[in-house]
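Visitor: Before I ask anything, here is the structure I am working with.
The values are calculated or read from the model by the stated rules, or taken from the named source; none is laboratory data. Just so it is clear, the structure is predicted and the values come from calculations on it, not from any experiment. Here Cβ is always computed from backbone atoms with ideal geometry, including for glycine, and neighbour counts include all displayed protein chains. We work out accessible area using only protein heavy atoms, side chains counted, and drop any ligands, DNA or RNA first. Shrake-Rupley method; radii C 1.70, N 1.55, O 1.52, S 1.80 Å.
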Amino acid sequence: MGHILSSAHVHTTFCDGKTPAREMAKTAYEMGFVSLGFTSHAAQTFDPGYCIEPSREKDYIKEINEIKKEYEGRMAVYLGIERDLYSCSNPKDFEYFIASVHYFEKPDKTYVGIDADASDLKKYVDEYCGSDGLEMAKRYFSLLRDYVIETKPAIIGHFDLVRYNNSRLNLYDEESSVYRNMALEALRVMFETNALLEVNTGGVGRGYMTSPYPADFLLKEWKAWGGEVIVNSDCHNAKLLDAGYSQAEEIRLSLGFDHAVRLSANPEKGMWERVGL
Ligand SMILES: [Zn+2]
Ligand SMILES: [Zn+2]
């Protein structure tokens, strides 16, 4: 049985994480991680408590680069970001980025969180999607699809994040063929960019979700197309650095995956490497 021993998706006190970056690295090292990628929420002009303050971006870059040096030869540390569609940061300032969509933009240029307050999202669906949950899901997948096609990220972040509040609001039927087809169509287009599809255990780790993103039917098709997956904890607290990984491993085994991709233990050999199950 293989062990991932890595996460390319972790948050710190630079954004909405609970653990300072150095402490996160120390915990990862003590857990035997071979690599760790910091991915604070990239700077944006709204929802300031959530992301790196634009004026602190350079401090983030400096500190992660220092940590990278401190662990050189012991654990490979990478400077990444989780970049929302509406972020104002430049992805070129980082070694890699995760493309995620966390918001819908309203006509007045204010934003509503997709995995934030359920009643706010419900209001958005009522006001802007004709109370139709499938319309909301369609909008989400087309935003993510266009964003990935345009920016070609290394990693597609929590692909079916709309499940988060659907599990609270029951906005649409996740088993319906209409929903499944729209998700699969978007995923198929993204497959062409060669991005890694993230198996994100953050929701499971924090007890918000019963299974990782994305749902099994999506992973199954992704595998059939020959797509690669990366297992990430989307961790906001060092205690949860590998939370949900055993469940993700069971799912991958049941779907016939024989490996995943992780951040490379040896950056000189490239940024990504395969790890067997
Ligand atoms: Zn996210
Ligand atoms: Zn995240």
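Visitor: Membrane-span-like helices in the chain: DSSP H runs reaching 24 Å or more (Cα, own axis), mean Kyte hydropathy at least -0.5?
Guide: 133-151
Visitor: Once amide H atoms are placed 1.01 Å from N in the peptide plane, what residues at a sequence separation of 5 or more from Y103, or on another chain, have their amide H within under 5 Å of its amide H?
Guide: Here the answer is I114, since their amide H atoms fall under 5 Å of that of Y103.
Visitor: Using a 10 angstrom cutoff on alpha carbons, build the Gaussian network for the chain and name the most mobile of D160, D242, D258.
Guide: So, out of D160, D242, D258, the one fluctuating most is D258.
Visitor: Hey, how much of the P(r) for region 1-123 falls beyond 16 Å, as a percent of Cα pairs?
Guide: Pairs farther apart than 16 Å: 62 percent.
Visitor: Something else about it: Please compute the alpha carbon radius of gyration of region 42-193, then divide it by the globular-protein estimate 2.2 N^0.38 Å. Two decimals is fine.
Guide: Against the empirical 2.2 N^0.38 Å value, I get 1.16 for region 42-193.
Visitor: Let me ask something additional. Around I98, which amide H atoms from residues at least 5 apart in sequence, or from another chain, sit under 5 Å from its own amide H, with H modelled in the peptide plane?
Guide: Amide H neighbours of I98, under 5 Å, 5+ apart: I81, E82, R83.
Visitor: Another question, if that's okay. Need one word for region 222-277: rounded, prolate or oblate. Basis is the Cα gyration tensor (sqrt eigenvalues a ≥ b ≥ c); a/c below 1.5 gives rounded, then a/b vs b/c decides.
Guide: Taking the square roots of the gyration eigenvalues as a ≥ b ≥ c, region 222-277 is oblate.
Visitor: Here's something else I'd like to know. Please sort by residue number the GluC sites (Glu not before Pro) in region 153-214 whose DSSP state is loop and whose Cβ has at most 10 other Cβ atoms within 10 Å.
Guide: For GluC sites (Glu not before Pro) across region 153-214 that sit outside H, G, I, E and B with at most 10 neighbouring Cβ atoms in 10 Å, the list reads E175, E192.
Visitor: Next up: Determine the share of the chain's accessible area contributed by carbon and sulfur atoms, expressed in whole percent, with a 1.4 angstrom probe.
Guide: The value for the chain is 48 percent carbon and sulfur by accessible area.
Visitor: In whole Å, what three semi-axes, largest first, describe the equivalent ellipsoid of region 110-260 built from its Cα gyration tensor (square root of 5 times each eigenvalue)?
Guide: Values: eigenvalues 116, 71, 42 Å².
Ellipsoid semi-axes (Å, largest first): 24, 19, 15.
Visitor: For region 84-238, report the accessible area per residue in Å² (1.4 Å probe, heavy atoms, rounded to an integer). Spell out each step's value before the answer.
Guide: Working: 6370 Å² over 155 residues.
Result: 41 Å² per residue.
Visitor: Right, another one. Using a probe radius of 1.4 Å on heavy atoms only, what accessible surface per residue do you get for region 15-69? Whole Å² is fine.
Guide: 46
Visitor: Taking just the C-alpha trace of region 181-277, give me its Rg and Dmax in Å.
Guide: So, for region 181-277, Rg and Dmax equal 13.6, 41 Å respectively.
Visitor: Let me ask you something else. Pick from Y71, Y60, Y213: which is most flexible by mean-square fluctuation in a GNM of the chain where alpha carbon atoms under 10 Å apart are linked?
Guide: Result: Y71 has the largest fluctuation of those listed.
Visitor: Where the Cα atoms of the chain are projected onto their three principal axes, how long is each span, largest first, in whole Å?
Guide: For the chain, the Cα extents along the three principal axes come out at 55, 45, 33 Å.
Visitor: I'd like the distance between the alpha-carbon centres of region 124-171 and region 229-264, rounded to an integer number of Å.
Guide: 23
Visitor: Near the amide H of V231, under 5 Å away, which other amide H atoms are found, from residues 5 or more places off or on another chain, if H is placed in the peptide plane?
Guide: Amide H neighbours of V231: V199, V261.
Visitor: Moving on. Starting from the alpha-carbon convex hull of region 112-161, give the projected area averaged over all orientations, in nm².
Guide: Projected over every direction and averaged, the Cα hull of region 112-161 covers 3.6 nm².
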